[in-house]
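Undergrad: One structure, pasted below without further comment.
The values are calculated or read from the model by the stated rules, or taken from the named source; none is laboratory data. Predicted model only: the values in this text are computed from it and were never measured. Every residue, glycine as well, gets a Cβ built from its backbone with ideal geometry; the counts of neighbours run over all protein chains shown.
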Amino acid sequence: MSAYCKYCWPSKTKSHLNNHIEYYHDKLLGKFLKRKKQSNFWGKFLEILAKINIVKFVSNPDDSNLYNRSLIFFKEAKKRGLNVSAIQAFGKYDNTFKYILNDQAIYYDGIPLNRIGDPIIDLDNKIEIKKILQKNNLPVSTGGYFTKLDEAIQFSHLLTYPLIVKPNNGSLSHHVIGPIKNEQELRKAIEIVQLYRPDFIIEEYIVGRLYRATVIGKKHVFICEKDPANIIGNGQSTIAQLISKKNSKRGKKDQFDTTLHEIPIDNVLKSKLQFLQLNLKSILPKSKKIYLHEKFVLNAGCDIISRTTSTHQENKKLFLKVAQVLDVDIVGIDFICADIERPWNKQKSAIIETNSLPYVDMHQYPSQGVPDPVAKVVWDHILASK
């Protein structure tokens with residue numbers, strides 16, 4: 001663990017230089033050249049590289065080389081007889097794909113609705129999305145964007161603790177610090193977040209359950225609940241045995257072609273158990289539930305609970321409105337509230353952020369509940385529009 005950044009755990013990150021370069025790159029060049037693939041020229045460029053064997057279009061890649069959020073669409077396309085290939089550059093897959101429809105080559109990032117060359121809105125820019133949602137009277141937590149410590153501290157005096165601090169662009173809970181209870185903790189949190197990149201967001205910490213809603217084609221909405229890694233006692237098995245039983249049905253921590261990952265038994269977990277005055281040999285009472293990690297990330301062993309059928313209609317309408325306001329064919333929405341079965345406006349709730357490349361396979365492969373046919377719905381939407 002010591003060789004990697006502990007604030008990026010469970011990701012194995014040694015340097016944040018790329019994040020700082022990206023920040024200054026965007027500041028200097030703005031939206032021009034913001035993404036190398038934001039051009040119709042990209043496909044032609046790939047075809048040229050393919051002729052000199054730098055790029056390959058692989059029609060039958062090894063599943064273990066593809067993330068499951070992409071693999072589910074690749075498999076569904078093959079099932080339908082579509083001509084689809086994974087793109088390999090310099091011997092590595094970069095989560096880019098190509099399919100041919102009506103004699104036209106179409107390139108996409110991870111999910112077929114993310115077509116390369118189409119105009120996009122930067123769904124991953126947390127502060128810009130927050131402003132758009134606020135303008136449209138959609139629920140977000142009160143907060144602001146900063147690069148300077150003094151300005152951030154001054155703004156925090158207008159907020160109510162607890163607070164949370166996170167990078168303006170980031171994922172997988174990297175360097176997200178909260179709940180923060182006072183100014184001393186806030187100063188330390190800002191120091192940590194700026195190790196990741198210079199710009200960050202401070203906002204009020206919303207207490208509740210974390211849900212992921214994915215909206216497809218502005219009319220299909222799927223919802224799941226993310227629950228951090230946990231076990232439930234049976235009065236007989238040790239904690240180590242309970243973890244082993246749960247892990248036996250899951251993929252490895254760094255495995256690509258899986259949605260549910262094993263709970264890592266590492267120093268972070270052992271420290272958590274020590275805090276709870278437990279160890280791996282402890283036996284939990286029957287029905288006693290304990291959380292083993294804090295982060296809501298898949299490769300830390302979190303549970304995914306399908307909530308599509310139990311979500312209140314008013315909440316589904318809210319998620320659909322987000323997609324309509326942002327005018328996108330696919331968006332992942334992180335949402336916090338106490339109970340997804342109650343209307344969002346009848347409880348404390350907030351849209352935390354949106355995602356352009358969400359892990360939609362969570363809906364298709366939950367640990368609990370009824371699976372949602374996300375890959376089928378996406379391809380149905382694409383083919384119906386042709």
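Undergrad: Just the residues that are at pLDDT below 95 and within 11 Å of Lys218 (Cα to Cα), please, taken from region 331-359.
TA: Once the filter is applied, which keeps residues that are at pLDDT below 95 and within 11 Å of Lys218 (Cα to Cα), region 331-359 yields nothing.
Undergrad: Which of (1) closer than 20 Å to Val322 by Cα; (2) out of contact with any Asp or Glu (no Cβ under 7 Å at 6 or more places or on another chain) does Phe155 not meet, given it meets every other one?
TA: All conditions pass for Phe155, except number (1).
Undergrad: Sticking with this structure for a sec: Please go through region 340-357 and pick out each residue that is buried (at least 16 other Cβ atoms within 10 Å of the Cβ) and acidic (Asp, Glu).
TA: Glu353
Undergrad: Given the criterion under 22 Å from the mean Cα position of the chain (by Cα), assigned to a helix (DSSP H, G or I) and either touching a residue at least 24 places away in the same chain (Cβ under 8 Å) or under 30 Å from Cys337 (Cα atoms) (or both), identify the matching residue among Ile127, Ile111, Ile121.
TA: It is Ile127.
Undergrad: All but one of (1) of a type in the set (Ser, Thr, Tyr); (2) surrounded by 23 or more Cβ atoms within 10 Å (Cβ to Cβ); (3) without any contact (Cβ under 8 Å) to a residue 24 or more places away in the chain hold for Ser385, so report the exception by its number.
TA: Result: Ser385 fails condition (2) only.
Undergrad: While we're here: Taking region 53-95 as the region of interest, how many residues are under 17 Å from Phe256 (Cα atoms) and among the aliphatic types (A, V, I, L, M)?
TA: Residues in region 53-95 being under 17 Å from Phe256 (Cα atoms) and among the aliphatic types (A, V, I, L, M): 5 in total.
Undergrad: Please determine, by comparing only the residues of region 232-249 that are in a loop (DSSP other than H, G, I, E, B) and surrounded by fewer than 17 Cβ atoms within 10 Å (Cβ to Cβ), which one is nearest to the chain's Cα centre (by Cα).
TA: Among them, the one singled out is Lys249.
Undergrad: While we're looking at this one, here's another question. In region 1-23, which residues are in a helix (DSSP H, G or I) and of a type in the set (Val, Ile, Thr)?
TA: If we filter region 1-23 for residues that are in a helix (DSSP H, G or I), which is where we start, we get 17-23.
The one that is in a helix (DSSP H, G or I) and of a type in the set (Val, Ile, Thr): Ile21.
Undergrad: Tell me, please, whether a residue that is surrounded by fewer than 16 Cβ atoms within 10 Å (Cβ to Cβ) and in a loop (DSSP other than H, G, I, E, B) can be found in region 222-231.
TA: no
Undergrad: Looking only at region 62-104, which residues are among the polar types (S, T, N, Q), surrounded by fewer than 19 Cβ atoms within 10 Å (Cβ to Cβ) and at pLDDT below 95?
TA: Within region 62-104, Ser64, Asn65, Gln88, Asn95, Asn102, Gln104 meet the criteria.
Undergrad: Any idea how many residues of region 138-148 are modelled with pLDDT of 95 or more and over 20 Å from the mean Cα position of the chain (by Cα)?
TA: Number satisfying all stated conditions: 1.
Undergrad: Then there's this: Could you go through region 211-221 and let me know if any residue there is outside any loop (DSSP other than H, G, I, E, B), surrounded by 16 or more Cβ atoms within 10 Å (Cβ to Cβ) and modelled with pLDDT under 90.
TA: Within region 211-221, none of the residues are outside any loop (DSSP other than H, G, I, E, B), surrounded by 16 or more Cβ atoms within 10 Å (Cβ to Cβ) and modelled with pLDDT under 90.
Undergrad: Being modelled with pLDDT of 85 or more, crowded, with 16+ Cβ neighbours inside 10 Å, touching a Lys or Arg at 6+ places or on another chain (Cβ under 7 Å) and on the phi < 0 side of the Ramachandran plot, is that true of even one residue in region 25-35?
TA: Checked against the condition, which is being modelled with pLDDT of 85 or more, crowded, with 16+ Cβ neighbours inside 10 Å, touching a Lys or Arg at 6+ places or on another chain (Cβ under 7 Å) and on the phi < 0 side of the Ramachandran plot, region 25-35 yields no hits at all.
Undergrad: Ok, one more. Identify, from the list Lys253, Lys321, the residue that is out of contact with any Ser or Thr (no Cβ under 7 Å at 6 or more places or on another chain), touching a residue at least 40 places away in the same chain (Cβ under 8 Å) and outside any loop (DSSP other than H, G, I, E, B).
TA: Lys321
Undergrad: Could you list all residues from region 154-176 that are of a type in the set (A, V, I, L, M, F, W, C), in contact with a Phe, Trp or Tyr (Cβ under 9 Å, 6 or more places away or on another chain) and in contact (Cβ under 8 Å) with a residue 24 or more places away in the chain?
TA: Selection gives Phe155, Leu163, Ile164, Val165.
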